[in-house]
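The values are calculated or read from the model by the stated rules, or taken from the named source; none is laboratory data. The structure displayed is predicted, hence computed values, not measured ones. Glycine gets a Cβ as well: all are built from the backbone with ideal geometry, and neighbour counts include every protein chain shown.
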Amino acid sequence: MTGPQQPPYGGQGGQWPGGGGDWQPPSDQTQYSGPPASGGPSYEQPQAYDQPQAYDQPQAYDQYGQQPPAPDPYSAPPNYSEPYSVPPGMPPVPPAKQTNPVPWIIGGVGALVVLILLVIVGIAVLGAGDDTTPTGGTQTSAAATETGGTDSDTDSGTDGGSGKYSADDVSNACDLVDPSGMEKLAGKADGDPQNEEDKNDYYSSLSCTAKYKDGNYSASFSMRTTLASDSSSAKDSYDRTEQRAKGKTGSGRSSGDVTGIGQDGYWHLETRKYSSFNSHTYEFEVLDENAVVSFRLYGLYDTGKSISDSDFRKICEDNAKKVLQGLGG
């Protein structure tokens, strides 16, 4: 049996085409009208409402319920352009006071100068106290008083040490010798003898040199005396020269010992003969306590003139005794 078809269950209102037939849904689902059979008025169209605004989608979080991160309560403060910036409304911080080092430097230098002056004054005061005698007379050192020396030579060891011999009273070394014996061998003296004295706190050295001339031939006499600070130093010096002299050997050379003068002595002669002349070099040295007395005689002679080493030795022996006696021996 056929009849007018009903709208589907729960369906929306529509029209029957041609007043009958199958049900057709309305073309606009927002429009509603009363069924045609009822003859009632059609329903009013509903008012159009604004579409809801689109909101930002919430952040996606872990599907297992991870909570969004909480803000860090210790997060760093904003980066200010200046460290220790002054909060708004507060007066600005005054700039740091710069210290000038110049006054400190000047003060340090001044203190150093004052200290140096005080030291100098102290030394001067102490020195003045040592040089001043209670009686106000002329200063005389203890050494000069004990040895009987003069004020110019206040230490008995100043001129040759504390040994037996001293050069305190010697002003001209040539006064200690008598080279006149050379005149018999080489004629008259050629000028005045030359002397030299060197005195200090450690040793004294005295020397005298005389020259002689006879035509084309010549000769020289040289004396040198050394006064050491002690006898040990004098012996060391003597041993070295003796070893060197006696070490000269060969043709025309001879050496020997000196006895009867001082503690020890030696002599050394070197003769050279040529076609028209001969030469002799004679060295003589004696040691006694702190004194070493040395002689060196040289002669250039005609081959026809006879010269013996005993002639040179005699001159040296006589003058060695004279020198030691003049130095306090």
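Name the residue, out of ASP257, ASP264, that is loosely packed, with under 15 Cβ neighbours inside 10 Å, modelled with pLDDT of 95 or more and within 54 Å of the chain's Cα centre (by Cα).
Within the list ASP257, ASP264, the selection yields ASP257.
When you look at ASP230, is it buried (at least 17 other Cβ atoms within 10 Å of the Cβ) and in contact with a Gly (Cβ under 8 Å, 6 or more places away or on another chain), yes or no? Spell out how you get there, then give the answer.
On the way: buried (at least 17 other Cβ atoms within 10 Å of the Cβ): no; in contact with a Gly (Cβ under 8 Å, 6 or more places away or on another chain): yes.
Taking the combined requirement at face value, the residue does not satisfy it.
For GLY187, only one of the following conditions fails: (1) at negative phi; (2) surrounded by 14 or more Cβ atoms within 10 Å (Cβ to Cβ); (3) modelled with pLDDT under 85. What is its number?
Just one mismatch for GLY187, condition (1).
Matching residues to (1) modelled with pLDDT of 65 or more; (2) not small (Gly, Ala, Ser):
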position: GLY110; (1), (2): yes, no
position: VAL113; (1), (2): yes, yes
position: VAL121; (1), (2): yes, yes
position: GLY129; (1), (2): no, no
position: THR133; (1), (2): no, yes
position: GLY137; (1), (2): no, no
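Any residue that is closer than 21 Å to GLY262 by Cα, without any contact (Cβ under 8 Å) to a residue 40 or more places away in the chain and among the hydrophobic types (A, V, I, L, M, F, W, C) - is there at least one of those in the stretch 207-226?
Yes, there is a match, as at least one residue in the stretch 207-226 is closer than 21 Å to GLY262 by Cα, without any contact (Cβ under 8 Å) to a residue 40 or more places away in the chain and among the hydrophobic types (A, V, I, L, M, F, W, C).
Here's the yes/no breakdown for (1) crowded, with 17+ Cβ neighbours inside 10 Å; (2) touching a strand residue (DSSP E or B) at 6+ places or on another chain (Cβ under 6 Å):
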residue	(1), (2)
LYS235	yes, no
GLU283	yes, yes
ASP288	yes, no
ARG296	yes, yes
SER308	no, no
ILE315	yes, no
GLN325	no, no
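Looking only at strands (runs of 3 or more DSSP E) that fall completely inside the stretch 247-329, which ones have 2 or more residues that are out of contact with any Cys (no Cβ under 7 Å at 6 or more places or on another chain) and free of Cβ contacts under 8 Å to residues at least 24 places away in the same chain?
Counting at least 2 such residues, we get 253-257, 264-273, 277-288.
Conditions tested, residue by residue: (1) among the aliphatic types (A, V, I, L, M); (2) under 15 Å from ASP214 (Cβ atoms); (3) in contact with a helix residue (DSSP H, G or I) (Cβ under 9 Å, 6 or more places away or on another chain).
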site: TRP267; (1), (2), (3): no, no, yes
site: ARG272; (1), (2), (3): no, no, no
site: PHE277; (1), (2), (3): no, yes, no
site: HIS280; (1), (2), (3): no, yes, yes
site: PHE284; (1), (2), (3): no, no, yes
site: VAL292; (1), (2), (3): yes, no, yes
site: GLY299; (1), (2), (3): no, yes, yes
site: GLY304; (1), (2), (3): no, yes, no
site: SER310; (1), (2), (3): no, no, no
